[in-house]
Amino acid sequence: MSKSNFVIEASEPMKDFLYYLQTVKGRSPTTVDEYFNDLRTFFRFIKKQKRLVPQDTPFHDIKVDDVDIPLISSVTLTDGYEFMNYLLRVRKNDKAARARKTTSIKSFYHYLTNKKHLLQADPLKDLERPNAREKNPLPKYLTLEQSIELLNAVDGKNKERDYCILTFFLNCGMRLAELVAMDYTDIRSDHTAQIIGKGSKKRIIYLNDACMAAYEAYMRVRPVDGVRADDKYALFLSAQKRRISREMVQKMVYKYLEKIGLDSQGYSVHKLRHTAATLMYQHGNVDIRVLKDVLGHESLSTTEIYTHLDSRQIEAAAKSNPLSKVKPKGNK
């Protein structure tokens, strides 16, 4: 590819960022081209994933000159991890290449959020880079003990609501957007609920005993009077008796993470989804294909990240065996 080809191929938000790198940050033309290559790969992947191009379109033929702010802002943290998994499994990128691409897209989103103020929030802020101690960029998750501690930390005037939210996250593996969009009419008498996932796809989740107990306790105190007509069916309400916002849920989760000392260790709302999936896979003997449907993943390769988490624990257990250092006589 010739130098500065991004002038022709990049969309306006991408050009703005690349010119910023070149003129303000003083990056070399070669470095700027590398940033563009990384962003182009990322948004080609995003357009393919979101079915914005015919599925038989060759990857290298997907154009990115139309990547606008609505598309950029529609990207989620899960999309970021799916891209990392794609780089690892399909493109066979090594750790250094994946780390560089992570840096490129995180820098782009940081610029649009904090410099240009074109995004209300940075969806990739918590995307983790591969580092020297990890073979794969796997997401963090709470242990079973930490999950129980988080639930036990709930208190205050909204304790029934907060406990129910955390319980749904930790038991169902719901996305943040899916949870805040729930209506109480979505919950059925057979202890299932229909939720709207990515791409407006509907799926059924099953509410176990813990979820139903938390739901029933919350519904006994959920406000009824004074709720605005637009939000009267909303399951989770704010103190203003409006449908609870994503930001409010995030603040609530961070509050309880801080209370148990996990706020500074890279945990977030999305980590609760990873926690649910990991606990189901590791403790529930759940088939990976069933887990794919539970989480609403488009591709099985995305769900397979949890088999890697399990394999890592097996590897760690083997290395911790006290006999792991014992070697035949004569060997050092």
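Readers should treat all values here as calculations from the given coordinates under stated rules, not as data from a laboratory. All values reported here derive from a predicted model rather than from experimental measurement. When we count neighbours, we look across all protein chains shown, and the Cβ atoms used for this are built from the backbone with ideal geometry, even at glycine.
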Hey, what did segment 80-235 get for relative contact order, percent, Cα under 8 Å, at least 6 apart?
16
Which of rounded, prolate, oblate describes segment 144-291, given a ≥ b ≥ c as roots of the alpha-carbon gyration tensor eigenvalues and a/c under 1.5 marking rounded, otherwise prolate only if a/b is larger than b/c?
oblate
Could you list which residues have their amide H under 5 Å from that of V64, counting only those 5 or more apart in sequence or on another chain, with H placed in the peptide plane?
none
Between D183 and residues 5 or more places away or on another chain, the pairs with built amide H atoms under 5 Å apart involve L235
Which of T30, T76, T41 comes first, and how do the rest follow, when ranked by fewest Cβ neighbours within 10 Å?
T30, T76, T41
Please order E12, E128 by the number of other Cβ within 10 Å, starting at the fewest.
E12, E128
Which order do I205, I165 fall in if you start with the one that has the fewest other Cβ atoms within 10 Å?
I205, I165
Karplus ³J(HN,Hα) for segment 27-44 (6.51 cos²θ - 1.76 cosθ + 1.60, θ = phi - 60°; Hz, whole; x = Gly/Pro) runs 6, 5, x, 5, 5, 4, 5, 5, 4, 5, 4, 5, 5, 4, 4, 4, 6, 5
Taking only the Cα positions of segment 6-115, the convex hull volume per residue in Å³ is 104
Residue-by-residue Karplus 3J(HN,Hα) for segment 224-237, coefficients 6.51, -1.76, 1.60, Hz, glycine and proline x:
10, 6, x, 7, 4, 4, 5, 10, 5, 9, 4, 5, 9, 10
Members of K202/K259; K92/K125; K116/K259; K95/K255; K50/K125 lying beyond 26 Å, as alpha-carbon distances in this model show:
K202/K259; K116/K259; K95/K255
Could you run the Karplus curve 6.51 cos²θ - 1.76 cosθ + 1.60 with θ = phi - 60° over segment 181-187 and give me ³J(HN,Hα) per residue in whole Hz, x for Gly and Pro?
7, 5, 9, 5, 6, 6, 8
